Amino acid sequence: MKVLAAALLLLCACRLQAALVRREAPPEEAPTPASDPITHHLQSFSYFMTKDLPQKLQVEELRSQAEAYLDRAKKQLVPLAQELQSNILGLFSSLLELGEGQA
């Protein structure tokens, strides 16, 4: 019960902190449509280069780091899994031989 109360208190505190940070942060400015189409496209391009592109690059970087981590983990775990499989098969075969010897 104490754990539930502590978790609820922590959740409320985090929610209040997030609301406070959200209120203090200045709103992001989206490109405003201009009367001239060329100006509008240049503003859109500028907004994309400064706001959207860096966020997308971070996502790609995180994805590549995660894939590299999974590849390393797979390279380390495959030999362990094969060794475990051979040990279990050996254990079962020795148990079967033991059972046949007693029968």
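Whether any residue in region 13-20 is modelled with pLDDT of 80 or more, surrounded by 10 or more Cβ atoms within 10 Å (Cβ to Cβ) and out of contact with any helix residue (DSSP H, G or I) (no Cβ under 9 Å at 6 or more places or on another chain) is what I want to check.
No, that holds for no residue.
For (1) part of a helix (DSSP H, G or I); (2) at pLDDT below 75; (3) among the charged types (D, E, K, R), each residue gets a yes or a no:
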{"residue": "VAL3", "(1), (2), (3)": "yes, yes, no"}
{"residue": "THR39", "(1), (2), (3)": "yes, no, no"}
{"residue": "PHE45", "(1), (2), (3)": "yes, no, no"}
{"residue": "PHE48", "(1), (2), (3)": "yes, no, no"}
{"residue": "ASP52", "(1), (2), (3)": "yes, no, yes"}
{"residue": "LEU70", "(1), (2), (3)": "yes, no, no"}
{"residue": "LYS74", "(1), (2), (3)": "yes, no, yes"}
{"residue": "ILE88", "(1), (2), (3)": "yes, no, no"}
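The values are calculated or read from the model by the stated rules, or taken from the named source; none is laboratory data. These figures come from a predicted structure and were not determined experimentally. As a convention, Cβ positions derive from the backbone with ideal geometry for all residues, glycine included, and neighbour counts pool all protein chains shown.
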